[in-house]
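As C-alpha cells, the structure follows; a few thoughts come after it.
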C-alpha cells in the first residue's frame, strides 16, 4: 500500500461521537502513470478522490493543486455559512479546481489530465460533484446504486446503447480543458445504514452487484477498501487504485458547524488546520 505522504493538512480533534466513519486505501500497482489525492474529512463530511494522468512531475502538481482548491472552497464556505446549499458547494468546488488547473495549463505538459469526484455529507443530505471516470456508488439493502456516470467514450457508448469501443478508456471530460467545465451535480437524502463507495478508475472489471456489494456488506469496515483493490487486481488491473468507503453512523448529529477562522495569509494554498484531510499519492 502506498505511503499516504504528500500534501497533508494537519490533524485537529474529531467529533465525539463521530457522525461519519470513513476508510480508504490506495495501491500504486506496477509502474503507475497516475497520481491520486484522497480526502477523508469526517468532521466536515468532505470526501474526494482526484487523479492526475500524464507525465511527472506535472500530473502530481496539477492534481494536488486541484484537490487543494476544492477543499479550500468547501471549508471556507462552511465557515461563512454552515447551512450553505450542498449542490452549490459541490459545483463551486469542482469549478474552482477547474480554474486552478486551467491557469496551470500553459506551464505543464499538454498530455496532463485531471479528474475529480467530490462527496459532501452534511445536514441530512449527500451531494456529489463529478468530472471524470471515478465511480461513486450508494449501497443500501444489498443493492448498489450508481451516483455518477463515467465521462469516457466507453461510458458514452454504454449510455447510448452502442457497442463497446475498442481500446483503453478515453476521457471525454476532465478539468482544465477550458475556463469553464460541465460539472455533474446531484443531491440525495442521507441514508442511515447505507455505504457510499468512491472508487478511482480501474475498478471497471469488478461487478458492482456480484462482487463489490458482498465485500462492502460482508467484511469489517476497516478491511473493505483494501479488499476492493484486491478484487480489481485479481481481475487484471495493474494501474494505481484508490478506494474510499463512507458510512453514516447517525442522522441526528451533523458534521461540525463551528467557524474555521480565516486561512493563513502566509500559506494561501492551505486551509485552517483540520484532521488529516489531503493525502497526495504520487
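Residue 35 fulfils the conditions (1) touching a helix residue (DSSP H, G or I) at 6+ places or on another chain (Cβ under 6 Å); (2) at pLDDT 95 or above; (3) assigned to a strand (DSSP E or B) except for a single criterion, (2). When segment 81-101 is filtered for residues that are more than 23 Å from residue 247 (Cα to Cα) and at pLDDT below 95, only 81 remains.
Within segment 138-152, track down each residue that is over 13 Å from residue 201 (Cα atoms) and in a strand (DSSP E or B). Scanning segment 138-152 gives 138, 139, 140, 143, 144, 145, 146.
Put simply, of 205, 270 the only residue that is at pLDDT 75 or above, touching a helix residue (DSSP H, G or I) at 6+ places or on another chain (Cβ under 8 Å) and surrounded by fewer than 20 Cβ atoms within 10 Å (Cβ to Cβ) is 205. Among the residues of segment 1-32, the ones that are at pLDDT below 50 and within 27 Å of residue 171 (Cα to Cα) come to 5 in all.
Screening 100, 114, 126 for residues that are crowded, with 17+ Cβ neighbours inside 10 Å, under 17 Å from residue 172 (Cα atoms) and in contact (Cβ under 8 Å) with a residue 12 or more places away in the chain leaves exactly one candidate, 114. With respect to the conditions (1) at pLDDT below 90; (2) more than 16 Å from residue 22 (Cα to Cα); (3) within 20 Å of the chain's Cα centre (by Cα); (4) in a loop (DSSP other than H, G, I, E, B), residue 236 falls short on a single one, namely (3). Scanning segment 179-202 for residues that are in contact with a helix residue (DSSP H, G or I) (Cβ under 7 Å, 6 or more places away or on another chain) and assigned to a loop (DSSP other than H, G, I, E, B), we see that the one that is nearest to residue 141 (Cα to Cα) is 202.
The values are calculated or read from the model by the stated rules, or taken from the named source; none is laboratory data. Only a predicted model underlies this, so the values are computations on that prediction, with no experimental measurement involved. Cβ sites come from the backbone with ideal geometry, for glycine too, and all protein chains shown count toward neighbours.
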